[in-house]
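Let me begin by presenting the structure, written as structure tokens, before commenting on it.
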Amino acid sequence: MALKNTKITQGISHVVLLAAIDDLLGIQKQAVDTLVQKNDGDKLTQTDKTIIKRYEEGLQKTLDLIAPAGMEIKNNKIVLNDRHARVLYVYNWPNYLYPNWLAATINFDAEFDIAQYIYPSSNTIIMKMLRKKVTEMRASVRMLEQKGIVRDPVLEAALQDAEELRDLLARGREKLFQFGMYITLYEQDEKRLKKLETDIESLLGGKLVLTKPAVFQMEHAWNSTLPLCLDELEINRNMNTSPLATSFPFSSADLTSDHGILYGINRHNDSLVIFDRFDLPNANATVFATSGAGKSFMVKLEILRSLMFGTEVFVIDPENEYVELSETVGGSHIPISLQSSHRINPFDLPKAVRGEEAETGEILRASAINLHGLFKLMLGTLTPAEDGILDKAILDTYALKKITMDTEDTSGLEPPTMRDLVDVLSTTEGGEHMAQTLKKYTEGSYAGMFDQQTNIELEKQVVVFQIRDLEEQLRPIAMYVILNFLWNRIRADFKKRFLVIDEAWNLMQHEDSARFLYGLIKRARKYYLGITTITQDVEDFVNSPYGKPIITNASLQVLLKQSPSAVDNLQKLFYLTDGEKYLLLNSDVGQGLFFAENKHVAIQIVASPQEEQLITTKPRKFWQKKR
């Protein structure tokens, strides 16, 4: 048995080429097979002989195409065309091998072939040999004891290992094999080939897997690493099942749980990725992908399947992609725009946390702090003096409605609006400039959106806030107001919830909104909330001081197909191997990496035809669905 893995696999390309040429010669091959069946034992005609001759010539041409143009065999290398190759074989193995020890070698950035040969051995013969060996070692131990010589720990360890292996073989829990491993290295010149050989030897030597070049056997060694299953070196080592299993050249994590929702299929082993994100230390998630890679599709699929478990979902939707999903499951969608009749008052006071009693002073301070962040988005950078004036103006605005630090009960009091704040700033020394700036939100082109009382209720299991029709300048402000509004409601009622923030780069481009989002993500776990941030602009996360903390505070990450310009930053952020980096670059739509804490798998997002019809965002399919 031979297992083959390559970084750039020449052997596999040979097989593909052979198959393609066989297809071209398929007609001739069928003709030859027919002749053999019809004329078996009979004399072939001249026409039949011509067909067979042409077929044989075709096979010869196939071999010519596969073979290199030139080949020079030396004592320590092979020159194929203009490439230099050298074969290493493993001659020494450590006493212990750990799972996935070969991963570092496989992911090494170089061109090489790895061939593994596994030969099963007869347990009966091995048991007899072990019995004889154990008897000899026991006799040696007794002789040392009788002579009073200090015990030999190496001999005792070997005896213990032999006894343990005998027990495992006798119970059928282990089997014995012979195992050989060869590596063919390819480089452009002798100097680079020598460096690659040193790197591979060091990489394997660090795990006590020692290698040597197959000097004076290069042709046989090279043939042994071709996909022909011919072991011409026959340099093998006895190995039982457990260490042999750790040498399997591919490894994949298993994320199949006994509960949760189906996210997709593990591309390594075709197992199901079934997972409950609320089992992690926190239920936050980040989704990165290039445009059209399926990030919104994946999140909508997660929402649809999570609803079956009673999860409530809030979505900030910048492109009206979640409206049909919301309508199908009986949810509600709330358009937020200058033309909409739906309003959210930023001055709303948060409710007490989960029914607990809270001092008015604490609630008022929390509201004032959140309003500071909002007004910095509206006003821009403030001087320390302006910041102090704004803080006093906010508290004075609440005081106009009889809401102060000493108010005992605010439940029956109507909160102020932004118009009240503008009036207070207009009459405050040093606040006139801020009042003039804020007037565009109360009297100017943006009036009516943030200066009225809240008229929104969250009664449905799915609530989608549509912000597509908002001007670009208003999007970060609206998202900040919506998040603050939702956060106040979430803290007041303990339920299992998702909060999906699509195109989160709108918040990350401003420090105050990024800080606010980071604060929500850090505190979400305590309120049984999972926050999902979706973005295609990795640069905004990298450049923001809160980008990496937001990622590290998300136990679940999904990386789908990436553009070449963004994949290097993702590799640094998520400590991806080169193999994972290339996987993201070569992934198709709906394919990528699924991270859950320290476990990660290559995933294929899958949906049923009914689910896909409901949640697709492809323009062509959406147009066909509407017809």
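For segment 562-615, taking the residues that are among the hydrophobic types (A, V, I, L, M, F, W, C) and more than 23 Å from Thr256 (Cα to Cα), the one that is modelled with the highest pLDDT is identified as Leu585.
Table: residues versus (1) in contact with a Lys or Arg (Cβ under 9 Å, 6 or more places away or on another chain); (2) free of Cβ contacts under 8 Å to residues at least 40 places away in the same chain; (3) small (Gly, Ala, Ser); (4) closer than 22 Å to Pro318 by Cα.
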| position | (1), (2), (3), (4) |
| --- | --- |
| Tyr480 | no, no, no, yes |
| His510 | yes, no, no, yes |
| Glu539 | no, yes, no, yes |
| Ser555 | yes, no, yes, no |
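Quick grid of which residues meet (1) surrounded by 13 or more Cβ atoms within 10 Å (Cβ to Cβ); (2) assigned to a helix (DSSP H, G or I):
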site	(1), (2)
Gly58	yes, yes
Asn95	no, no
Asn100	yes, no
Asp109	no, no
Lys128	no, yes
Arg131	no, yes
Arg138	yes, yes
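If you go through segment 406-421 and keep only what is under 48 Å from the mean Cα position of the chain (by Cα) and not charged (D, E, K, R), you end up with Thr410, Ser411, Pro415, Pro416, Thr417, Met418, Leu421.
Scan segment 292-305 and give yes if some residue there is modelled with pLDDT of 90 or more and either farther than 30 Å from Leu585 by Cβ or surrounded by fewer than 19 Cβ atoms within 10 Å (Cβ to Cβ) (or both), otherwise no. Yes - at least one qualifying residue is present in segment 292-305. Only one of the listed residues (Ile235, Ile274, Ile265) is surrounded by 16 or more Cβ atoms within 10 Å (Cβ to Cβ) and under 20 Å from Met298 (Cα atoms). That residue is Ile265. The residue list Leu390, Leu377 contains one member that is within 22 Å of Leu507 (Cα to Cα), within 47 Å of the chain's Cα centre (by Cα) and touching a residue at least 12 places away in the same chain (Cβ under 8 Å), which is Leu377.
Residues that are charged (D, E, K, R) and under 35 Å from the mean Cα position of the chain (by Cα) within segment 175-193 comprise Glu187, Arg192, listed in sequence order.
Identification of helices (runs of 4 or more DSSP H) wholly contained in segment 167-284 with 2 or more residues that are more than 28 Å from Asp109 (Cα to Cα) yields 241-246. If only one of Pro120, Pro153 is exposed (fewer than 12 other Cβ atoms within 10 Å of the Cβ) and touching a strand residue (DSSP E or B) at 6+ places or on another chain (Cβ under 8 Å), which one is it? After applying the criteria, what remains is Pro120. Ala435 fulfils the conditions (1) touching a residue at least 24 places away in the same chain (Cβ under 8 Å); (2) part of a helix (DSSP H, G or I) except for a single criterion, (1).
The numbered conditions (1) part of a strand (DSSP E or B); (2) without any contact (Cβ under 8 Å) to a residue 24 or more places away in the chain are all true for Glu327 except (1). Quick check: is even one residue across segment 362-374 in contact with a Gly (Cβ under 8 Å, 6 or more places away or on another chain) and within 27 Å of Gln509 (Cβ to Cβ)? No - not one qualifying residue is present in segment 362-374. Only residues that are free of Cβ contacts under 8 Å to residues at least 40 places away in the same chain and hydroxyl-bearing (Ser, Thr, Tyr) were counted across segment 446-468, and they come to 0. Only one entry in Ala385, Ala366, Ala399, Ala393 is part of a helix (DSSP H, G or I) and modelled with pLDDT under 85, namely Ala366.
The values are calculated or read from the model by the stated rules, or taken from the named source; none is laboratory data. Since this is a predicted model, take the numbers as computed values, not measurements. We place every Cβ from the backbone using ideal geometry, glycine too, and count neighbours over all the protein chains shown.
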